[in-house]
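Only one structure is covered here, and it is reproduced in the block below.
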Amino acid sequence: MISPLAYIHPGAKLGENCTVEPFAYIEDNVVIGDNCHIMAHASILSGTRMGNNNKIYHGAVIAATPQDLKFVGEETTAEIGDNNMIRENVTISRGTASKGTTIVGSNNLLMENSHIGHDSVVGSGCIIGNSTKIAGEVTISDFAILSACVLVHQFGHIGSYVMIQGGSRINKDIPPYIIVGREPAKYSGLNIIGLRRRGFSNEAIKSIHEAYRIIYGSGTIVSKAVEMIKEKVEMTPEVASILDFIQNNAERGIIG
């Protein structure tokens, strides 16, 4: 299962039943779990901590040196969970002294030529589209879908169950459950199809819709909209997560 034409440093640790194809490159200070498949010309660099059942396609680079001029060689990591599909030429930078690690959760699809910047956090169940670029210290919550060629500004936060249209440029935070599209990128309604596919009830979707109708349809500023939601909308877990995002996670302000 390990090609003699692959380079694997003696200090690297590989789990059971791994496949490493010809011309793959695995450095020292790497830990790879069980049942992983490293394809030809993939580079798994120092600081990689990878779980089980991951498939790393041709030309992907895991734990690349951060593209940050403040980085001075400190020992940091890139942590990859389980059951991820990381396609051709994807690059994932390891962390810097800021946070120490870049994290990609489990059950994600990172499509061809996408980039995850240093110290970013990608949750689980996400899809990152072809050539989408995630800058440093971005947080992407579970089950978010970013279509092709999306650009995400550093320090941004994207909520769970979000759908972002291809080609969008994101410089604000995006609260959960919504679609973002157009140019410049704006709120474009609820991600209703995505929510139904994930098992959200009609009642839950209705409460989400009521909250966003106040935020985006009432003409009030966001802080006042939050107070109106607390007064007028049933405080379901979904509504509570919207308010929590706005009040505690949207440091850049939410998208208009």
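The values are calculated or read from the model by the stated rules, or taken from the named source; none is laboratory data. These figures come from a predicted structure and were not determined experimentally. FYI the Cβ positions are ideal-geometry reconstructions off the backbone, even for glycines, and counts take in every protein chain you see.
When the criteria are applied in full, I242 meets the requirement of being touching a helix residue (DSSP H, G or I) at 6+ places or on another chain (Cβ under 7 Å), in contact (Cβ under 8 Å) with a residue 60 or more places away in the chain and outside the structural domain of S114 (by TED's automatic domain parsing). Can you find a residue in the range 210-224 that is assigned by TED's automatic domain parsing to the domain that holds Q165 and of a type in the set (F, W, Y)? No, there is no match, as no residue in the range 210-224 is assigned by TED's automatic domain parsing to the domain that holds Q165 and of a type in the set (F, W, Y).
Scanning the range 39-65 for residues that are under 17 Å from E112 (Cβ atoms) and aliphatic (A, V, I, L, M) returns M39, A40, A42, I56, A60, V61, I62, A64. A Cβ distance below 9 Å, combined with a sequence gap of six or more or placement on separate chains, defines the contacts here; from the range 147-162, residues that are closer than 13 Å to T132 by Cβ and without any contact (Cβ under 8 Å) to a residue 40 or more places away in the chain reach residues that are buried (at least 17 other Cβ atoms within 10 Å of the Cβ) and acidic (D, E) in the pairs I158/D173. Taking residues in the range 206-220 that are free of Cβ contacts under 8 Å to residues at least 60 places away in the same chain, and partners anywhere that are in a loop (DSSP other than H, G, I, E, B), the pairs with Cβ atoms closer than 6 Å and at least 6 places apart or on different chains are S207/E234; S207/T236; I208/Y177; E210/V233; A211/V233. In summary, N113 fulfils each of the numbered conditions (1) more than 28 Å from H153 (Cβ to Cβ); (2) surrounded by fewer than 22 Cβ atoms within 10 Å (Cβ to Cβ) with the single exception of condition (1).
Would you tally the residues in the range 174-183 being buried (at least 16 other Cβ atoms within 10 Å of the Cβ) and more than 17 Å from C126 (Cα to Cα)? Looking only at that region, the number is 1. If you check I229, I215, I221 for being of a type in the set (A, V, I, L, M) and under 14 Å from G159 (Cβ atoms), only one passes: I215.
Part of a loop (DSSP other than H, G, I, E, B), assigned by TED's automatic domain parsing to the domain that holds G105, within 25 Å of D119 (Cβ to Cβ) and of a type outside the set (S, T, Y) - does that describe any residue in the range 12-21? Scanning the range 12-21, I find at least one residue that is part of a loop (DSSP other than H, G, I, E, B), assigned by TED's automatic domain parsing to the domain that holds G105, within 25 Å of D119 (Cβ to Cβ) and of a type outside the set (S, T, Y), so the answer is yes. For A42, the requirement of being within 12 Å of G95 (Cβ to Cβ), buried (at least 21 other Cβ atoms within 10 Å of the Cβ) and modelled with pLDDT of 95 or more is not met.
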